[in-house]
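Asks: Have a look at the structure that comes next, please.
What follows draws every value from the coordinates through simple rules; no lab data is involved. Here the structure is a predicted model, which is why all the values come from computation and not from measurement. In this analysis, Cβ positions are derived from the backbone assuming ideal geometry, glycine residues included, and neighbour counts consider all displayed protein chains.
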Amino acid sequence: MTVKNIKSLAKKAIERPGDALSLAIGLFRGLGYMVYYHVFKYNVRIMFPFIVHAKVRIIGPGTVTLGKGCRVMKNAFKGLTIHTFSSDATVTIGAKCLLGGTTIRCHGSVAIGDGTMTAISLIQDSFLVTRARSGEEANDRLPRPQRIDIGRNVWLGEACFVMNGSTIGDDCVLSSGAWCHDATYSDYVLIMGNPARSAIPIDKLLRLKGEL
Amino acid sequence: MRDFLALLRGRMFLALCRLRGLNVNIGRGLKIYKKVSISGAGRVEIGENCIMAGIRGDSSQYVCLETLNPSAVIHIGDNASLYAARIAAKFRIMVGNDVLIEEAGIMDTDYHSIEKDRKTPAGENENKCRVTVGNRVCMGARSSILKGTTIGDDAIIAPGSIVTMSVKSGSTVAGNPARILTT
């Protein structure tokens with residue numbers, strides 16, 4: 001970081017002291033969470049700039065990795081919840097993600113790319129979390145837990161569901177209330193509907209808007 | 001240890017219900033892991049060996065059974081597991097045996113009419129609005145069952161679905177409104 005950068009940052013802080021204060025409080029809170037998980041939980045790894053404005057709960061025996069510069073926003077005061085149900089479960093979240101109000105429930109593996117934004121949404125890799133955990137054979141028709149892959153720079157809208165087996169490409173947008181399950185979506189498309197119908201390429205959408 | 005504590009809490013809950021004079025009939029072996037609220041003047045019947053728990057990581061979700069009418073009935077069968085289930089009955093809700101409900105809601109009334117005055121809906125009666133859930137039904141998170149539906153045995157309701165029509169036995173439904181995914 002050069003001197004010029006620091007000078008511009010200081011100027012911004014003097015211009016808007018409220019934002020600077022909230023950022024400092026967020027950094028301090030994040031540091032607290034980092035120290036707590038580093039000391040008491042060996043399976044959780046959080047990289048340094050972790051800015052927290054709401055509650056963070058990471059429960060379960062699985063491996064959880066949060067990248068550099070993640071931020072948990074105050075989204076309806078819900079915070080971030082990550083719940084792993086087995087020791088094989090892995091949750092990987094990339095760098096510079098904006099997480100707030102999202103709930104991740106994981107049996108197998110969940111991977112989220114860099115720069116993803118989330119609203120109050122549910123990412124769950126099995127239909128029923130409690131039944132899949134106990135491994136009961138009573139209801140064999142239940143779908144198995146499958147891998148979830150979310151690409152870079154994806155925007156998850158309000159109240160959307162990402163279920164087992166869904167693979168979402170880079171730069172996608174999930175509209176509010178979208179529900180995707182066992183499907184692969186290519187890059188830069190708009191996914192909407194419950195259950196989600198065929199995705200619309202955003203390039204095409206923008207072109208149509210330009211014509212109108 | 002946790003299970004033993006849950007059993008103890010179940011016994012205490014039974015005693016409390018008797019003390020408060022609630023119209024509640026609960027079978028043996030009830031396990032309570034988190035807060036449970038039963039309210040209203042109607043009748044609540046719960047079978048044997050039931051589990052009542054919350055969703056871990058969300059402290060605001062707990063089991064909530066409410067009767068809105070003195071003649072309302074909520075019946076839950078044996079071996080049911082309710083994880084943060086919310087059930088509100090004005091007439092009659094019958095839930096079968098071995099049912100699993102996760103963070104989902106069942107209600108048999110609309111509470112208000114769609115007219116401008118928002119009063120209690122006029123055309124509702126027990127024959128029209130009662131909800132029946134079969135045996136071995138599984139309900140996923142954040143789904144809800146609305147009035148006048150019948151759900152057959154072994155049905156699976158996917159997370160996030162809103163069930164407005166009756167569901168055949170043995171089928172999987174998803175979406176808003178819920179449609180058949182597989183039979």
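Asks: Here's a check for you: in the range B:125-170, which residue that is away from chain A (no Cβ under 13 Å) and in contact with a Phe, Trp or Tyr (Cβ under 6 Å, 6 or more places away or on another chain) is farthest from B:ASP98 (Cα to Cα)?
Replies: My answer is B:GLU126.
Asks: Only one of (1) hydrophobic (A, V, I, L, M, F, W, C); (2) assigned to a loop (DSSP other than H, G, I, E, B); (3) in contact with a Lys or Arg (Cβ under 8 Å, 6 or more places away or on another chain) fails for B:MET165. Which number is that?
Replies: Unmet for B:MET165, out of (1) hydrophobic (A, V, I, L, M, F, W, C); (2) assigned to a loop (DSSP other than H, G, I, E, B); (3) in contact with a Lys or Arg (Cβ under 8 Å, 6 or more places away or on another chain): (3).
Asks: For residues in the range B:101-131 being free of Cβ contacts under 8 Å to residues at least 12 places away in the same chain and small (Gly, Ala, Ser), which is surrounded by the most Cβ atoms within 10 Å (Cβ to Cβ)?
Replies: Top of the filtered list is B:SER113.
Asks: Looking at the range A:45-79, which of its residues are touching a strand residue (DSSP E or B) at 6+ places or on another chain (Cβ under 6 Å) and charged (D, E, K, R)?
Replies: A:ARG45, A:ARG57, A:ARG71
Asks: Let me ask something additional. Taking the condition of being under 16 Å from A:LEU122 (Cα atoms) and either β-branched (Val, Ile, Thr) or touching a helix residue (DSSP H, G or I) at 6+ places or on another chain (Cβ under 8 Å) (or both), how many residues in the range A:69-82 meet it?
Replies: 3
Asks: Quick check, is A:ARG29 basic (Lys, Arg), crowded, with 17+ Cβ neighbours inside 10 Å and more than 16 Å from the chain's Cα centre (by Cα)?
Replies: Yes; evaluated as a whole, the condition is true for this residue.
Asks: Can you pull out every residue in the range B:62-79 that is surrounded by 20 or more Cβ atoms within 10 Å (Cβ to Cβ) and either within 14 Å of chain A (Cβ to nearest Cβ) or acidic (Asp, Glu) (or both)?
Replies: Correct list: B:VAL63 only.
Asks: Among the residues of the range B:80-97, write down those that are assigned to a loop (DSSP other than H, G, I, E, B) and either surrounded by 19 or more Cβ atoms within 10 Å (Cβ to Cβ) or of a type in the set (A, V, I, L, M, F, W, C) (or both).
Replies: Hits for the range B:80-97 are B:ALA80, B:ALA84, B:ALA85, B:LYS90, B:PHE91, B:GLY96.
Asks: Please find, within the range B:98-108, the residue that is nearest to B:ASN49 (Cα to Cα) out of those that are within 14 Å of chain A (Cβ to nearest Cβ) and assigned to a strand (DSSP E or B).
Replies: So, considering only residues that are within 14 Å of chain A (Cβ to nearest Cβ) and assigned to a strand (DSSP E or B), the one nearest to B:ASN49 (Cα to Cα) is B:LEU100.
Asks: For A:VAL35, indicate whether it is surrounded by 12 or more Cβ atoms within 10 Å (Cβ to Cβ) and under 23 Å from the mean Cα position of the chain (by Cα).
Replies: no
Asks: May I ask you to verify whether B:LEU82 is in contact with a Cys (Cβ under 8 Å, 6 or more places away or on another chain) and under 30 Å from A:ILE82 (Cα atoms)?
Replies: Here the answer is yes, as B:LEU82 does meet what is asked.
Asks: Within the range B:171-180, how many residues turn out to be part of a strand (DSSP E or B) and within 8 Å of chain A (Cβ to nearest Cβ)?
Replies: Of the residues in the range B:171-180, 3 are part of a strand (DSSP E or B) and within 8 Å of chain A (Cβ to nearest Cβ).
Asks: Within the range A:193-208, is there a residue that is within 18 Å of the chain's Cα centre (by Cα) and not in a loop (DSSP other than H, G, I, E, B)?
Replies: no
Asks: For the range B:19-32, check the following and say yes or no: at least one residue is in a helix (DSSP H, G or I), over 15 Å from the mean Cα position of the chain (by Cα), more than 15 Å from B:HIS75 (Cα to Cα) and without any contact (Cβ under 8 Å) to a residue 24 or more places away in the chain.
Replies: yes
Asks: Going by the structure shown, is B:GLY134 farther than 24 Å from A:ALA196 by Cβ and surrounded by fewer than 17 Cβ atoms within 10 Å (Cβ to Cβ)?
Replies: In short, no.
Asks: Determine which single condition A:ILE112 fails, assuming it passes every other condition in (1) within 14 Å of chain B (Cβ to nearest Cβ); (2) under 19 Å from A:PHE161 (Cα atoms); (3) in contact with a Gly (Cβ under 8 Å, 6 or more places away or on another chain).
Replies: Among (1) within 14 Å of chain B (Cβ to nearest Cβ); (2) under 19 Å from A:PHE161 (Cα atoms); (3) in contact with a Gly (Cβ under 8 Å, 6 or more places away or on another chain), the lone unmet condition for A:ILE112 is (1).
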